[in-house]
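Student: Shown below is the structure under consideration.
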Amino acid sequence: MQKIQSKLKLLFIFSILFFLSGCEEFKDVDKDVFVSMIGIDLSEDKDKPYKVILKLFVPTSSFKQNPEANYTYLVEKGETLSEAIRMLETHIDKELDFGHMKLIVIGEELINNNKTKEILDFLLRRPDIQLISWITVGRPNAEEIVKMVPAGETAAYPSLYNYFDGNGTESPYIVTTFLFDFRRRMMDNGLDPILPIVQISENKTTFTVNKSFVLKDKKTPFELDSLSTLVFNTLSMNVQMADIEVNEENELFVARLYKIKAKNKVKVQKDKQVSLEIDAELIGYIAESKNTLDMRDLPRYSKLLEKEAKDKITKFMKLLQSEGIDPIGFGLKYKAQTIHHKRMSTEEWKEAYKNADVKVMVSASLKSTGSIQ
């Protein structure tokens, strides 16, 4: 009886397997074309407001034989981003593969028109777009940035990737924003999104990335200049090294910081008066000076650095408060340390944040006046 039951079970299993189909979605790799980056602009057509630009890798048998960058570009307008992508699929005989795409460039005009939520919705819903892709703002538009190919760029790796991957340049002026982090900042109250601005240099041969945009719902994005972007990166612990110019007490020198630590706290009094406390530790050496320096005066130079850094951080915080923007995340920290039923409302917090006292403490230590042979 048991043998008969076993045979019936096996027969049932094999009958199910008979109806299973193979992997119909599989395609040979030579039938795919890989997208290296996508640009999204605001078009001049009101019926088709989105313009999508794709930068495609051109397949090559050997990067050694053909090291120069070689790309194909597809451009299409659409009422929606999905429609534009579908139309682009009719422009090429291969399947568009977004799985290797690492960079998303949004045109400045789209950012200024508060279209980021619609774009984010599209990017998050597509399963083939990586959440670790970098997202940037293209100035004056995304198309010029996507189509720009600097001299010396190789076919294997676009030059613009090196600005954000940490393996190329490591400038303290560059903000790196991943798609998953951009989504988190867009969804959370108390942490405003910040995006790097990518421009083409004046000589039209390279990119320039040293400014950023802070986005606020229903408000025009606020642009941070190079210095403000540097201070943001320093307070957010996004940089390992930075330079600060000190111009105090007839001394003019540049301090190269190789160790940066920054902590921030939010304290609320019973009358709902808020204080924002920032504690920064800076360690480095003097990289440049207009005057002759003496090693014995290092403690004095360190005090001058403390004063300069404190002034810059305080000025930066006052700028954020006046604009009502919070890319550092003081609002998020306030919510995390406050019981739900005792929290201020969103509007109350915004008002309290703007009027909060800012207390900045800086501890600086300069280890040397540099190496002079």
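Student: Dividing the alpha-carbon Rg of the range 302-341 by 2.2 N^0.38 Å yields what?
Tutor: 1.58
Student: Testing the spin-label approximation: label points 7 Å from Cα along Cα→Cβ at Asp121 and Asp188. State their distance in nm.
Tutor: With each label placed 7 Å out from Cα toward Cβ, I get 2.4 nm.
Student: With N residues in the range 222-291, what two-decimal value do you get for its Cα radius of gyration over 2.2 N^0.38 Å?
Tutor: Ratio of Cα Rg to 2.2 N^0.38 Å: 1.40.
Student: From the C-alpha coordinates alone, can you work out the Kirkwood hydrodynamic radius of the range 190-324, in Å?
Tutor: About 17.1 Å for the range 190-324.
Student: Additional query: Take the Cβ-Cβ distance between Asn355 and Arg86 as r, set R0 to 56 Å, and report the resulting FRET efficiency rounded to the nearest 0.05.
Tutor: Approximately 0.65, to the nearest 0.05.
Student: Rg to Rh ratio, the range 109-177, alpha-carbon atoms and Kirkwood radius? Before the final figure, lay out each step's value.
Tutor: Working: Rg = 13.8 Å, Rh = 14.1 Å.
Radius of gyration over Kirkwood radius for the range 109-177 works out to 0.98.
Student: What accessible surface, in Å², does a 1.4 Å probe find on Arg185, ignoring ligands, DNA and RNA and rounding to the nearest 10?
Tutor: 30 Å²
Student: If you split all Cα-Cα distances of the range 316-373 into 10 Å bins from zero, what percentages do you get per bin, shortest first?
Tutor: Calculated P(r), rounded to whole percents: 18, 39, 19, 12, 9, 3, 0.
Student: When ligands, DNA and RNA are left out and all protein chains stay put, how many square angstrom of accessible area per residue does the chain have with a 1.4 Å probe?
Tutor: Averaged over the residues of the chain, the accessible area is 57 Å².
Student: Cross-link candidates for Lys342: which lysines have Cα within less than 23 Å, leaving aside residues fewer than 8 places away along the same chain?
Tutor: Lys265, Lys267, Lys270, Lys272, Lys333, Lys350, Lys354
Student: Run the numbers for Ser322 and Ala151: contour at 0.36 nm per residue of separation, minus the present Cα-Cα distance, in nm.
Tutor: Length difference between fully extended and current span is 57.4 nm.
Student: Calculated FRET efficiency, Glu248 and Thr176, Cβ-Cβ r, R0 25 Å, to nearest 0.05?
Tutor: Efficiency at R0 = 25 Å is approximately 0.20.
Student: If you take every DSSP beta bridge whose two residues both sit in the chain, what share of them, in percent to the nearest 5, is antiparallel?
Tutor: Values: 49 of 73 bridges.
Antiparallel bridges make up about 65 percent of those DSSP assigns within the chain.
Student: Roughly to the nearest percent, how much of the accessible area of the range 88-191 is carbon and sulfur, given a 1.4 Å probe?
Tutor: Working: 2200 of 4730 Å².
Solvent-exposed carbon and sulfur of the range 88-191 make up 47 percent of the total.
Student: Which residue, Ile283, Ser236, Ile313, has the largest displacement toward the positive end of the dipole of the range 226-350 when charges sit on each Cβ (Lys, Arg +1; Asp, Glu -1)?
Tutor: The residue sitting most towards the positive pole is Ser236.
Student: What distance in nm separates the simple spin-label points at Glu223 and Asn162, each placed 7 Å from Cα in the Cβ direction?
Tutor: In this crude spin-label approximation the distance works out to 2.6 nm.
Student: Hydropathy at least -1.0 by Kyte-Doolittle, axial extent at least 20 angstrom from the Cα trace: which helices of the chain, defined as entire DSSP H runs, fit?
Tutor: For the chain, where a helix must reach 20 Å along its axis and average at least -1.0, the hits are 2-19, 298-323.
Student: Just the Cα atoms of the chain: what Rg and Dmax do they give in Å?
Tutor: Expressed in Å, the Cα Rg and Dmax of the chain come to 26.5, 102.
Student: So how exposed is Glu118, as accessible area in Å² (1.4 Å probe, rounded to 10)?
Tutor: About 90 Å², ignoring ligands and nucleic acids.
Student: Could you work out how far apart the two model spin labels at Lys46 and Tyr73 are, taking each label as a point 7 Å from the Cα in the direction of the beta carbon, and quote it in nm?
Tutor: With each label point 7 Å from Cα toward Cβ, the separation is 2.8 nm.
Student: For the range 113-249, state the semi-axes of the equivalent ellipsoid (square roots of 5 times the eigenvalues of the alpha-carbon gyration tensor), sorted largest first and rounded to whole angstrom.
Tutor: Calculated on Cα positions only, the semi-axes equal 24, 22, 15 Å.
Student: Next question, about the same structure. Going through the cross-link list Lys77/Lys216; Lys31/Lys115; Lys51/Lys263; Lys55/Lys315; Lys219/Lys335; Lys290/Lys310, which pairs have a Cα-Cα distance over 31 Å in this structure?
Tutor: Violating the 31 Å limit, Cα to Cα: Lys31/Lys115; Lys51/Lys263; Lys55/Lys315.
Student: Rg and Dmax of the range 248-359, using alpha carbons, in Å: what are they?
Tutor: 18.1, 59
Student: While we're on this one: Quick one: net charge of Leu215's neighbours, Cβ under 9 Å, K/R +1, D/E -1?
Tutor: Overall, the nearby charge balance is +1.
The values are calculated or read from the model by the stated rules, or taken from the named source; none is laboratory data. Small disclaimer: the values here were computed from a predicted structure and weren't measured. For neighbour counting, all protein chains shown are included, and Cβ atoms are generated from backbone atoms with ideal geometry for every residue, glycine included. Calculation scope for accessible area: heavy atoms of the full protein, side chains included, ligands and nucleic acids excluded. Shrake-Rupley method; radii C 1.70, N 1.55, O 1.52, S 1.80 Å.
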